[in-house]
1. Starting from the Cα of Arg24, step 7 Å along the direction of its Cβ; do the same at Val203; then give the gap between the two resulting points in nm.
2. Between Ser4 and Ile120, what is the label-to-label distance in nm when each label sits 7 Å out along the Cα-to-Cβ direction?
3. Separation of segment 154-178 and segment 92-150 by C-alpha centroid, Å?
4. Give the long-range amide H neighbours of Ser41: residues separated by 5 or more places, or on another chain, with amide H under 5 Å away, using H modelled in the peptide plane at 1.01 Å from N.
5. Would you compute, from DSSP H runs of 4+ residues alone, the mean residue ellipticity of the chain at 222 nm, taking -39500 (n - 2.57) per run and dividing by the full residue count, rounded to the nearest 500?
6. Apply the Karplus parameterisation 6.51 cos²θ - 1.76 cosθ + 1.60, with θ equal to phi minus 60°, to every residue of segment 162-176 and state each ³J(HN,Hα) to the nearest whole Hz, in sequence, with x for glycine and proline.
7. Against the globular-protein guess of 2.2 N^0.38 Å, express the Cα radius of gyration of segment 141-212 as a ratio, rounded to two decimals.
8. Taking every pair of distinct Cα atoms and averaging 1/r, then inverting, what Kirkwood hydrodynamic radius in Å comes out for segment 20-64?
Amino acid sequence: MEWSLLERLPPEDARRVLASARRRTFSRNEVIFHEGDPADSILLISKGRVMVRTTTPLGHTAALSVLGPGTFVGELALLAIPALRSATATAIEPVEAMAIHRDAFAELRARHPAITDTLIQLFADTIRRLNQQLLEALYVPADTRVRRRVIELMGTYGGDTIPLTQEDLAGLAGTTRATVNRVLRDEEKRGTVTLSRGKVIVVDADGLKKRT
């Protein structure tokens, strides 16, 4: 498994970092960490997928992203001291991850300053994505947001089958489950998706993209 966070390291150093990491496993629906928890490590995901959610000022839950193998979660722990988790991470399927403590990562950055540039770029990408989601929430119709999330999730899952509930899709699209159900039923009639319990199967991605 390769992670973008470590790609600038010499192979020997990358192996050393992973050798010092602690292997963590989580069962389906298990909370990896809660929003507001103390944060002292980053988790590199090697298997399974993680849903990241946050709480809005009104007390509602908003889904931010789904992360899969080769990505990571909890990166703010690497920079802020003391750090608190900014969101809740939950395993939406069995997850295996490597936990790297902040101190070990600080030593790594001291030896290889280039990894700091990588970290900054990854933070910039995250900010850019969240800004795009904010603009969408303000200016893009909910129906279009639902279709866009379905297309994006095809990339996350590496195929046509998206094993998420409509409630999860609603959180990611920033809308209601009723809206997601209506949009997906309409797409099913158009022949672009098929629906079954707890999953969406895309059968005509090009047709779906035309309405995004």
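Bear in mind these aren't lab numbers, they're just calculated from the coordinates by the rules spelled out. Note that the structure is a prediction, hence the values are computed from the model and not measured. Because the Cβ atoms are built from the backbone with ideal geometry, glycine has one as well, and the counts that use them run over all protein chains shown.
1. Calculated label separation equals 4.1 nm.
2. 1.7 nm
3. Each part reduced to its Cα centre gives a spacing of 18 Å.
4. Distant-sequence amide H within range of Ser41: Arg102.
5. Values: 7 runs with 89 residues, N = 212.
Per the formula, -13000 deg cm²/dmol.
6. 10, x, 10, 6, 5, 5, 5, 4, 4, x, 5, 8, x, 9, 9
7. On the way: Rg = 10.4 Å, N = 72, 2.2 N^0.38 = 11.2 Å.
For segment 141-212, the normalised Cα radius of gyration is 0.93.
8. Numbers: mean 1/r = 0.0792 Å⁻¹.
One decimal place: 12.6 Å for the Kirkwood radius.
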